[in-house]
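Below is one structure; the comments refer to it alone.
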Amino acid sequence: MFLIDLKDYGFLQTQPVKDNSGFIPARVIEKRRELFKVVCEHGETGAELKGSFYHTLTDEDEFPAVGDFVFIQYNRQGNSLITEVLPRRSKFSRANFSGHAEGYAKFIKEQIVAVNFDYVFILSSLNHDFNTARISRYLSASWQSGGFPVIVLTKADLCDDPGVQAAQARKLAQGTLNPNVPVICISSKTGSGIEELEPFLEPGKTIVFLGSSGVGKSSLLNRLAGEDLMEVKTIREDDSRGRHTTTHRQLFRLPSGALIIDTPGMRELGLWDSREGISAAFAEVEEIIAQCRFSDCTHQSEPDCAVRGALEDGRITPKQWKQYQVQQREAAFVEGHSDFLRKKREFQKSIAQFSRARKKEAKN
């Protein structure tokens, strides 16, 4: 029987492998509620969480996500059992309040979007959907995640001069920790620019697609795969917005050997645990902030404020400064709530441990 080499699905030699033959490594390629699809040496199979493992999970980020490497107890006749999630090398998560007001605080929780990827393709279409603020948010999330961002501007066939939007995107990228973030204009319909993506489509490398609905994620996936893996839906002509085509997260393997994680469209992006990502995305801004005379400068009326000076001479644009302030306020809000949730979970864990200890004493 032909066995699949999991290294073709991005499994690294540095990741642990158990000697116990009852457990084998696998990668999660699809998730639908409590059920998973994984690929292992025996091929694709359904999977679910083993009961004893499930009851040890307390945080959202401890549950398996698409892209995760896991250990399973393989079952030829039915669903295999997921017994452990291996350490992640990259993770993209969001706060599920998705930009709503602070009155929704009690509903905020971390939502894992994708894990264990190498590149983040930030997709924005060259029509009414093009939005520098949204691209800026995706850049912050990409740097925070541990993946390398690539800005992909889609639907170039619908734009007379894509160079204008490309220049705006490059300006955003130049202010980040790595000013060499690629900006690539493509058309999935005509194939224009697709060849510029090839350096990132290496065997075993994983790419996550990020972008709002209607930007052409499914069209690009189909183009790269050479077949219709995903349904493509039309968009509204008045505002260029589309309905979600992807309704759940899924991992695909391309003919090149590269792996794609497609995600449902997200027009807004609530950043989770994003301080480092914001600093990387706005490295140029934070470098100027560090030049202010006072470390607690509010950038309003203090003397020798480097930020006001940069705004006056054009080194920082008002739009860029506003985007930085908005993301910092949102990060502070989410961090405050997530810290409360962490303390609440720790308290609940301690109560549960105390309860188990008392029951054990009572039995003895």
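The values are calculated or read from the model by the stated rules, or taken from the named source; none is laboratory data. Being a predicted model, the structure only gives us computed values, none of them experimental. Quick reminder, even Gly has a Cβ in these numbers, built from the backbone with ideal geometry, and neighbours come from all protein chains shown.
Considering the range 173-196, and only residues there that are crowded, with 16+ Cβ neighbours inside 10 Å and in contact (Cβ under 8 Å) with a residue 60 or more places away in the chain, the residue that is farthest from Val66 (Cα to Cα) turns out to be Gly175. Note on the range 122-229: enclosed helices (runs of 4 or more DSSP H) holding 1 or more residues that are over 21 Å from the mean Cα position of the chain (by Cα) and aliphatic (A, V, I, L, M) are 163-174, 217-225.
For the range 213-236, filtering for residues that are at pLDDT below 90, of a type in the set (S, T, N, Q) and farther than 27 Å from Phe69 by Cα leaves 2.
Does Gly99 meet the test of being modelled with pLDDT of 90 or more, small (Gly, Ala, Ser), assigned to a loop (DSSP other than H, G, I, E, B) and under 27 Å from Gln327 (Cβ atoms)? Steps first, please.
On the way: modelled with pLDDT of 90 or more: no; small (Gly, Ala, Ser): yes; assigned to a loop (DSSP other than H, G, I, E, B): yes; under 27 Å from Gln327 (Cβ atoms): yes.
It is false that Gly99 is modelled with pLDDT of 90 or more, small (Gly, Ala, Ser), assigned to a loop (DSSP other than H, G, I, E, B) and under 27 Å from Gln327 (Cβ atoms).
Checked against (1) at pLDDT 85 or above; (2) crowded, with 18+ Cβ neighbours inside 10 Å, Gly257 meets all criteria but (2).
Looking at Ile184, is it modelled with pLDDT of 90 or more and either among the aromatic types (Phe, Trp, Tyr) or not assigned by TED's automatic domain parsing to the domain that holds Phe36 (or both)? Let's see the steps before the verdict.
Details: modelled with pLDDT of 90 or more: yes; either among the aromatic types (Phe, Trp, Tyr) or not assigned by TED's automatic domain parsing to the domain that holds Phe36 (or both): yes.
Answer is yes for this residue.
Within this structure, Asn222 passes the test of being buried (at least 17 other Cβ atoms within 10 Å of the Cβ) and either of a type in the set (S, T, N, Q) or in contact with a strand residue (DSSP E or B) (Cβ under 9 Å, 6 or more places away or on another chain) (or both). Of the helices (runs of 4 or more DSSP H) lying entirely inside the range 272-364, those containing at least 3 residues that are out of contact with any Lys or Arg (no Cβ under 7 Å at 6 or more places or on another chain), farther than 25 Å from Ser145 by Cβ and at pLDDT 75 or above span 306-313.
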